[in-house]
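The values are calculated or read from the model by the stated rules, or taken from the named source; none is laboratory data. Here the structure is a predicted model, which means the values were calculated and not measured. Glycine also receives a Cβ, built like all others from the backbone with ideal geometry; neighbour counts cover every protein chain displayed. Surface accessibility is based on the protein's heavy atoms, side chains included, excluding ligands, DNA and RNA. Shrake-Rupley method; radii C 1.70, N 1.55, O 1.52, S 1.80 Å.
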Amino acid sequence: MPKRSTKMSGLQCLATENVWFDKHCYDEAEKRFYEGANGPSTQQVKTALQQAKGRQQKRQHRNSSSHAGGDHELTSRMKSLELENHTLHKVVEEMRAALHKLETRVATLEKSPASAAVPCAKAAPVQQVNGDDDDDDIDLFGSDSDDDETARLKQERLDAYAAKKAKKPTLIAKSSILLDVKPWDDETDMAKLEECVRTVQMDGLLWGASKLVPVGYGIKKLQINCVVEDDKVGTDILEEEITKFEDFVQSVDVAAFNKI
């Protein structure tokens with residue numbers, strides 16, 4: 001009795017286990033495990049082949065499209081080259097025609113002087129014969145009178161030109177000079193100094209405006225303008241004449257010199 005109860009308990013234990021009822025799930029899992037270990041399945045291989053075939057077809061389509069575009073571009077370029085070649089042929093033909101006309105004209109002009117020289121050569125003996133007949137009419141002493149008349153006319157023209165040039169006023173060259181006249185010190189009478197400077201008079205000298213310009217330490221210099229004729233008055237003469245007033249003038253400098 002106790003032994004039977006032990007068997008019943010083993011059967012009851014097997015009845016409670018459900019592993020055998022889920023065997024197909026374990027078989028499927030085992031199949032997938034071995035397929036992953038041995039390599040891709042047939043379905044995966046087919047899918048990879050289809051994808052590769054699709055990529056190849058796309059590449060072939062792209063290449064065919066590029067070839068078609070290149071053929072179209074080549075055709076258009078060939079047409080443009082043919083048109084340009086035709087235009088160049090036309091231009092060359094026009095240039096050949098113009099060159100032919102020019103050669104014809106040059107040939108005509110080269111023939112014309114030769115034909116014109118023949119009558120001249122034929123007419124030369126006639127003129128020589130006529131010249132022999134007119135030897136008696138030549139005036140051997142008329143050349144002297146012609147030379148005298150020519151000399152007289154030449155002299156008259158020279159005299160008229162000299163008189164016209166003498167009446168024309170000559171241009172006098174003048175210059176504008178600005179002088180700086182410096183005194184000895186600040187106690188110098190600048191009015192007296194300017195008066196002394198203006199007493200310098202000579203032909204071709206004209207004094208102008210003046211002003212006092214501060215130098216420093218209360219000293220002022222006289223800045224005076226004058227207009228001179230270049231042929232008559234120079235800066236050296238002016239400086240020499242002004243520095244003669246030794247009681248008032250220390251030095252004389254040319255501040256500006258301009259041609260008029």
Completion exercise
Beyond 31 Å (Cα-Cα) in this structure, taken from Lys167/Lys244; Lys165/Lys259; Lys154/Lys232; Lys211/Lys232; Lys220/Lys244; Lys31/Lys58, we find Lys167/Lys244; Lys154/Lys232; Lys31/Lys58
Completion exercise
Site Glu239, offset 7 angstrom along Cα→Cβ, radius 17 Å on amide nitrogen, limited to region 198-224, gives 222-224
Exercise for the section: Subtract the Cα-Cα distance of Leu206 and Ile172 from 0.36 nm times their separation in residues, and report this length gain in nm to one decimal. Expected result: 10.8 nm
Exercise for the section: For Thr108, tell me the accessible area in Å² from a 1.4 Å probe, rounded to the nearest 10. Expected result: 80 Å²
Completion exercise
Per the 1/(1 + (r/R0)^6) rule, R0 = 25 Å and r from the Cβ atoms of Asp231 and Glu195, FRET efficiency to 0.05 is 0.35
Exercise for the section: For Phe33 paired with Ala255, estimate the spin-label separation in nm (one decimal), with each label point 7 Å from Cα along the Cα-to-Cβ line. Expected result: 12.0 nm
